[in-house]
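This report concerns only the one structure given below.
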Amino acid sequence: MKTMRALITVMLFAIPLFAQEKERPRIFVTDSQSWEISGGFGGGGDAVAGSQSGGARPQTAEVIKTFGERCKDCVVTIKKEKADYIVILEHEGGKEFFRKDNKFAIFNKNGDAIGSGSTRTLGNSVKEACDSMMKDWASSQGKKAEPKPDSKS
């Protein structure tokens, strides 16, 4: 009997906690289509040699991980049909480090682009995409967007 009372008491206190959890936007991250090619060529005397390597460098898992770290107000989903937003983020490979760009575009449920841009780092692209999404989410929920404290890049 005491166990039953304790269980009922816990349930009564836990229900309001679950009810107060705010709804968060769901995002779907598209597959990354990043490519990188590198190579070299050289020669001396009678010998000439060269090599080339490269191929696809998908970063979808890295993008999802970064969203989890830098955009904690959203939920990443694998089900595109359940997403409130779709994110395209592509890493431009094959250039020197300081010339690489990470391009992003984010679309709402209606298919409208709500943000796009290009940054030097993946983290900053995720942050900018997240800021665009949360601003749109707040306005679609009838709330004012709250400014976020600046986080590390």
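The values are calculated or read from the model by the stated rules, or taken from the named source; none is laboratory data. None of the values given here were measured: they were computed from a predicted structure. Cβ placement follows ideal geometry from the backbone for every residue including glycine, while neighbour counts extend to all protein chains displayed.
Details
- Test: residue in the range 90-101 that is modelled with pLDDT of 90 or more and crowded, with 18+ Cβ neighbours inside 10 Å: no
- Taken as a whole, the condition of being modelled with pLDDT of 90 or more, loosely packed, with under 10 Cβ neighbours inside 10 Å and not β-branched (Val, Ile, Thr) does not apply to Gly43.
- Only one entry in Ile78, Ile64, Ile114, Ile86 is of a type in the set (A, V, I, L, M, F, W, C), exposed (fewer than 10 other Cβ atoms within 10 Å of the Cβ) and either within 26 Å of Ser140 (Cβ to Cβ) or modelled with pLDDT of 90 or more (or both), namely Ile78.
- Looking only at residues of the range 121-152 that are touching a strand residue (DSSP E or B) at 6+ places or on another chain (Cβ under 7 Å) and more than 15 Å from Val29 (Cβ to Cβ), we find that the one that is modelled with the highest pLDDT is Asp136.
- Residue that is nearest to Tyr85 (Cα to Cα) [pool: residues in the range 114-141 that are assigned to a helix (DSSP H, G or I) and charged (D, E, K, R)]: Asp136
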